[in-house]
Amino acid sequence: MKHKMNLWNDSFEAIKDGWEITEMRLNDEKRSKIEIGDEIEFTNTETNEVLICEVIKNYKYINFEELY
């Protein structure tokens, strides 16, 4: 399955350049459908450039304290 998400330019560039490999989002209704093997199509909100990434892990935490 392919999911679409928008990213601010700095976050988009960080993923594109390979120094950010984890995308953290709240596990709302839309994101709860993301599974390992799915693709996420990220769109840069400033340039409209598109980057497609494969989900290789999916971590779920109760809150940000548990995450950190």
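Any read-out appearing in this document is the output of simple, stated calculations on the displayed coordinates, not a laboratory observation. Note that the structure is predicted; figures quoted are calculated from it, not measured.
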TODO: Kindly provide the helix-only [θ] at 222 nm of the chain, computed as the sum of -39,500 (n - 2.57) over DSSP H runs of four or more divided by all residues, to the nearest 500 deg cm²/dmol?
DONE: -4000 deg cm²/dmol
- [ ] Calculate the radius of gyration of the Cα atoms of the chain to one decimal place, then report Dmax, the largest Cα-Cα distance, as a whole number, both in Å.
- [x] 12.2, 34
Open item on the list: Assuming a strict under-16 Å limit between Cα atoms, what lysine pair count do you get for region 2-67 once near-sequence pairs (fewer than 8 apart, same chain) are dropped?
Closed with: 9
